[in-house]
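Encoded as structure tokens, the structure appears first; notes follow it.
All of the numbers you see were taken from the coordinates with simple rules; none came from a lab. As the structure is a computational prediction, the values presented were derived from the model and not from experiment. Virtual Cβ from ideal backbone geometry, glycine too; neighbours counted across all protein chains shown.
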Amino acid sequence: MAVAFKAVTMGPLFARVSRPSIRTLLTSSPNHAAAATATTTSSSSVPAVGGQHTKKVVALSHDEELTALPPLMPTGEVTIYEHPDRDLVNFPRPQQPLYGGRTRMGFIPEEWFDFFYKKTGVSGPYVFGAGLITTLLSKEIWVVEHEFPLIPPMIFLIWLAMTKGGPKLSAYLDKEIDKSEEELIKVQEDNIIHVQEQIQEEEKAQWMAKGQSMLFEAKRENVALQLEAEYRRRQMEVYRDIKKRLDYQVEIQSARRSVERRHMINWIINNVLKSIDEKQEKQNLDQCINNLSKLATA
């Protein structure tokens, strides 16, 4: 509620700031001063006195003013940079609480009472509230009209609604928030499972891709075997063709020798027969008969 009060009260103030005042940036921390110096063209600073940071005034042109203003939304990945000297123990990074802070009377923050307690004690906030209402009524800043009597019953009805229906409404809203959170967590888990499945599929694809090298090697071996078989087949064809040609030449030589031998035998026989006359033939025939007779008697 304090943040909302600051936003409501400071919003119109920032809305009424003129352009020249925007061009003058007042920074009180060294980090802001360094960031402002990095984005400006000229600057002037005053050394710190007594360990306190002095205000730095940086002048910006119109174009630099537009570029120096921070973007409404992050334009890329947000990286949280923690300086090594930062004291995260005593000054931790603020976190958004899950539930609202403690209040009194249903709408007054406990921090306001703590602030008054340090200054005025326990009764300070109540005295201040009563005095403020008395001042508003006495000075007629808060004018009592005919609708003024409706304030107590309205406060009572609001208190009754908060005490009776508030816990039920809070429990219902908590259940709805838990349901929405479970749905978001389920979506996130489904996305994680889906991504893990994609990772497994990718790993499987990589494993299969590694097997492709073995497949390529097997295909190379098959092609080499096919080339070797084709080479041997062609060698066999050459061997058969050469053998056929050699066999043909051998048959030609054999046929030629056979013809020559037969021709020579016939020529010798014919010449011998021509050289033998009838008388020699008769003598030879008689000689053969005598030889056969001798062989028969022996």
- Message: Quick query: amide H of residue 142 versus all other amide H atoms, modeled in the peptide plane; which residues come in under 5 Å with a sequence gap of 5 or more or a different chain?
- Response: 137
- Message: Starting from the 7 Å offset along Cα-to-Cβ, what nm value, one decimal, do you get for the label separation of residue 113 and residue 237?
- Response: 10.9
- Which loop GluC sites (Glu not before Pro) in region 99-140, with loop taken from DSSP, have no more than 12 other Cβ atoms within 10 angstrom of their Cβ? 140
- Message: Apply the Karplus curve 6.51 cos²θ - 1.76 cosθ + 1.60, θ = phi - 60°, to the phi angles in region 187-201 and return the couplings in whole Hz, x for Gly and Pro.
- Response: 4, 5, 5, 4, 5, 5, 4, 4, 5, 5, 5, 5, 5, 5, 4
- Name the lysines eligible as straight-distance cross-link partners of residue 219: C-alpha to C-alpha under 16 Å, and not fewer than 8 places from it in the same chain. 210
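What list do you get for 99, 239 if you sort them by fewest beta carbons within 10 Å?
The fewest-first ordering by Cβ neighbours comes to 99, 239.
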- Query: How far is it, in nm, from the label point at residue 146 to the one at residue 253 when both lie 7 Å from their Cα along the line to the Cβ?
  - Reply: 15.0
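What ranking, highest mean first, results for peptides 160-167, 288-295 when packing means the other Cβ atoms within 10 Å averaged over each residue? Intermediate results must be reported in sequence, preceding the final value.
Values: 160-167: 11.2, 288-295: 9.6.
Going from most to least packed, we get 160-167, 288-295.
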